[in-house]
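K.L.:
Here's a structure for you.
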Amino acid sequence: MQQRMKTHPLDPQRTEALLRQSPVASLATLNRDGTPYVTPVHFVWDGRAAYFHGLPAGQKLENLRANPAVSLMAYRMDRLLLDEAGRPCETNTQYESVILAGQASVVEDPGEKAAALALIVQKYTPQLAGRPLPEGMVAGTAVVKIQPQSLTGKYYG
């Protein structure tokens, strides 16, 4: 375990808050040749799982169908902590980060899919929350659920 994880773990409330508030996360999947593939995703955390949506085809979906093990990282950088003596190697960063590792799957259940999309609408466009989602758009959108196997957070500053 990294030293900073031992000395600066993010408590569960701050971990939850960062997952709920972070506008973008980095999703890591594995290509078929074993190389990593990282993409930014808009996501939502419902307290038990993370969801993101997108086109029904593409590299990340191909990757997670072949290997559902994924990692999702959300973070917030507040500011640089400059060394008062001007030593560049003593500069640090005030931040919070969360890493969720788990299993991803494409949501097939129409009710779960609609509920996840409603949460995404609520997070990103709250002024549109509660409006009906067109069936054709819901059917043509892939929703992916990440069931966490581990969830860790750390901070500094």
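The values are calculated or read from the model by the stated rules, or taken from the named source; none is laboratory data. Just so we're clear, the structure is a prediction, and the values are computed from it rather than from any experiment. Every residue, glycine among them, receives a Cβ derived from its backbone with ideal geometry; neighbour counts consider all protein chains shown. These accessible areas exclude ligands, DNA and RNA; they are computed on the full protein's heavy atoms, side chains included. Shrake-Rupley method; radii C 1.70, N 1.55, O 1.52, S 1.80 Å.
K.L.:
Report in % the part of the accessible area of the chain that belongs to carbon and sulfur, leaving out ligands and nucleic acids; probe 1.4 Å. Each step should come with its number before you reach the end.
P.N.:
Working: 5250 of 9390 Å².
Using a 1.4 Å probe with all protein chains present, the chain comes out at 56 percent carbon and sulfur.
K.L.:
Counting only trypsin sites (Lys or Arg not before Pro) that are in a DSSP loop and have at most 14 other C-beta atoms within 10 Å, tell me the longest site-free stretch of the chain.
P.N.:
49-157
K.L.:
Return a single number: how many Lys pairs in the chain, at a sequence separation of 8 or more or on separate chains, have alpha-carbon atoms below 24 angstrom apart.
P.N.:
9
K.L.:
Follow-up. For the chain, what does the helix formula give at 222 nm: sum of -39500 (n - 2.57) over DSSP H segments with n ≥ 4, over the residue count, nearest 500 deg cm²/dmol?
P.N.:
It comes out at -7500 deg cm²/dmol, rounded to the nearest 500.
K.L.:
Please report the relative contact order for the chain, taking Cα pairs under 8 Å with a sequence separation of at least 6, and give it as a percent rounded to a whole number.
P.N.:
Relative CO of the chain lands at 30 percent.
K.L.:
Roughly how many Å² is the accessible area per residue of the chain, as a whole number, for a 1.4 Å probe?
P.N.:
Solvent-accessible surface per residue comes out at 60 Å².
K.L.:
Looking at the chain, which longest stretch skips every one of the GluC sites (Glu not before Pro) that is in a DSSP loop with at most 11 other Cβ atoms within 10 Å, leaving the sites themselves out?
P.N.:
1-83
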